[in-house]
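Read-outs throughout are calculated quantities, based only on the coordinates presented, and are distinct from any laboratory measurement. This structure is a prediction, so every number in the text was calculated from the model and none was measured. So basically every Cβ, Gly included, is an ideal-geometry build from the backbone, and we count neighbours across all protein chains shown.
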Amino acid sequence: MNNPMELHAERIDQVLARAPVVPVLSIARIEDAVPLARALVDGGLPVLEVTLRTDAAIGAIRAIREQVPGASVGAGTVLSARDLSAVEAAGALFAISPGATDALYAAASDARIPLLPGIATASELMHGMELGYQRFKFFPAESSGGIAALKSFASPFAQARFCPTGGIDAAKAPAYLALPNVITVGGSWMVPADALADGDWQRVANLAREAAVLRER
Ligand SMILES: O=C(O)C(=O)C[C@H](O)[C@H](O)COP(=O)(O)O
């Protein structure tokens, strides 16, 4: 019989295993949400992290959940218990945080959706593991030691698996994806600011298509 935290890890694994790359999105105009999500899904990246960095984020999560059935939409930049309940109500399938606090962990233990907590150090990882977590966002990946740090985490923390995010692009992603303790990587490179501003969904879909095959390189 699985305990609740094993089930949690299983649900996170199921979502994250759908694609090698999770686009990290900052959506300022609500009307961009659905065409942007469609372009990413069509390009082969169905798992989306919509960050709560904009006023449109909650509406964007709701719109993608309702109108883009092929997407697995989650929320990013979930910093508080309040954020967590807001994204759950909007229909997010999972929540991602850049770090983690006791208050956020406490809220997550009562939430219906799984949390992927952010960690950058061994102590933060141990704190999460004490609470039963085995899946983490490694953030900010590049400036917290990148590939070398993840390799070092592998021996003492054999069960832990990561979604490194922060400073990763198409050139850097394959080396992360080659690590046994990396499930997927997060990044924003497939949604360049000018493509988003111009509504150039074809360009986004093309960049997504390239990102979707990075693990096979
Ligand atoms: O907002 C959050 O919760 C974050 O964790 C920040 C994002 O992960 C980075 O903005 C990733 O973006 P790039 O470094 O451009 O790939």
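Whose amide H sits under 5 Å from the amide H of Val47, counting only residues 5 or more places off or on another chain, with H placed in the peptide plane?
For Val47, whose amide H was placed from the backbone, the distant partners under 5 Å are Ser72.
Tell me, what ³J(HN,Hα) does each residue in region 37-45 have, in order and in whole Hz, if you take phi through Karplus 6.51 cos²θ - 1.76 cosθ + 1.60 with θ = phi - 60° and put x for Gly and Pro?
Computed from phi, the couplings for region 37-45 are 4, 4, 4, 5, 5, 4, x, x, 10 Hz.
Quick one: what are the phi-derived ³J(HN,Hα) couplings along region 152-158, Karplus 6.51/-1.76/1.60 with θ = phi - 60°, whole Hz, x for glycine and proline?
Listing the rounded values in order: 5, 5, 4, 6, x, 10, 4 Hz.
Do you know the relative contact order of the chain, to the nearest whole percent, from alpha carbon pairs under 8 angstrom that are 6+ apart?
Rounded, it is 22 percent for the chain.
When Lys and Arg each count +1 and Asp and Glu each count -1, what net charge do the other residues less than 14 Å away from Gln14, Cβ to Cβ, add up to?
+1
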